[in-house]
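First the structure, in the form of structure tokens, and then the observations on it.
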């Protein structure tokens with residue numbers, strides 16, 4: 001609802017090399033109608049049911065950024081399905097900041113009438129549910145690029161399992177975690193990877209054998225700074 005979820009989601013997807021799906025757009029395409037038309041013809045309850053089916057279909061996919069409507073939190077099963085397969089990020093802003101962004105407020109079914117009053121009402125209703133997210137980002141004074149940076153930093157700091165791997169006369173930490181490979185561009189962008197990656201390649205054949213051993217055991221890896229493997 002005016003937080004820029006689609007813009008941020010597309011930036012994230014591009015940086016991670018993942019797909020991007022907007023559930024509102026998927027609902028509209030499936031119903032062959034706009035969101036206002038769906039509300040007018042069938043009501044909010046019908047829309048939420050269709051939205052829930054779309055989320056159920058998408059939640060189990062890998063390597064995808066999903067942008068949901070602000071009301072998706074109203075159905076606990078939506079959040080349960082999304083959390084079971086990934087991380088939930090809530091983009092927030094004060095009512096005044098949202099009102100400045102909602103130039104089309106009168107066309108949104110839940111905001112018709114007194115737009116300000118309806119925005120405040122929805123925020124009061126949903127705020128406790130938004131706080132249940134894994135990460136909350138205030139977008140009121142941040143560009144979509146900066147918001148995407150915050151989300152990427154959060155993903156990069158997720159808990160990882162560290163395994164010591166001995167190569168010749170040195171031991172290197174190997175960081176293992178689900179989804180780490182997709183964060184490789186983030187690691188490389190934030191580090192002077194050209195020079196530091198040389199430490200890894202200089203290890204020669206032994207490093208390849210060690211990496212193969214780790215990948216065989218744990219499935220995924222990505223190279224990080226100072227010759228580390230993450």
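The values are calculated or read from the model by the stated rules, or taken from the named source; none is laboratory data. Predicted, not measured: the structure shown is a model, and the values here were computed from it. Note: ideal-geometry Cβ built from the backbone for every residue, glycine included; neighbour counts use all protein chains shown.
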> In the list 13, 93, which residue meets the criterion of being out of contact with any helix residue (DSSP H, G or I) (no Cβ under 9 Å at 6 or more places or on another chain), buried (at least 17 other Cβ atoms within 10 Å of the Cβ) and at pLDDT below 95?
Replying inline: 13
> What do you reckon, is residue 111 crowded, with 20+ Cβ neighbours inside 10 Å and either under 17 Å from residue 122 (Cα atoms) or at pLDDT 90 or above (or both)?
Replying inline: yes
> Of the residues that sit in segment 128-148 and are without any contact (Cβ under 8 Å) to a residue 24 or more places away in the chain and in a helix (DSSP H, G or I), which one is nearest to residue 73 (Cα to Cα)?
Replying inline: 128
>> Going residue by residue through segment 117-125, is there one that turns out to be touching a strand residue (DSSP E or B) at 6+ places or on another chain (Cβ under 6 Å), in the same structural domain as residue 23 (by TED's automatic domain parsing) and farther than 19 Å from residue 36 by Cα?
In response: no
> Consider residue 80 against the criteria (1) closer than 24 Å to residue 147 by Cβ; (2) within 20 Å of the chain's Cα centre (by Cα); (3) surrounded by fewer than 20 Cβ atoms within 10 Å (Cβ to Cβ); (4) modelled with pLDDT of 90 or more: it satisfies all of them except one. Which criterion is unmet?
Replying inline: (1)
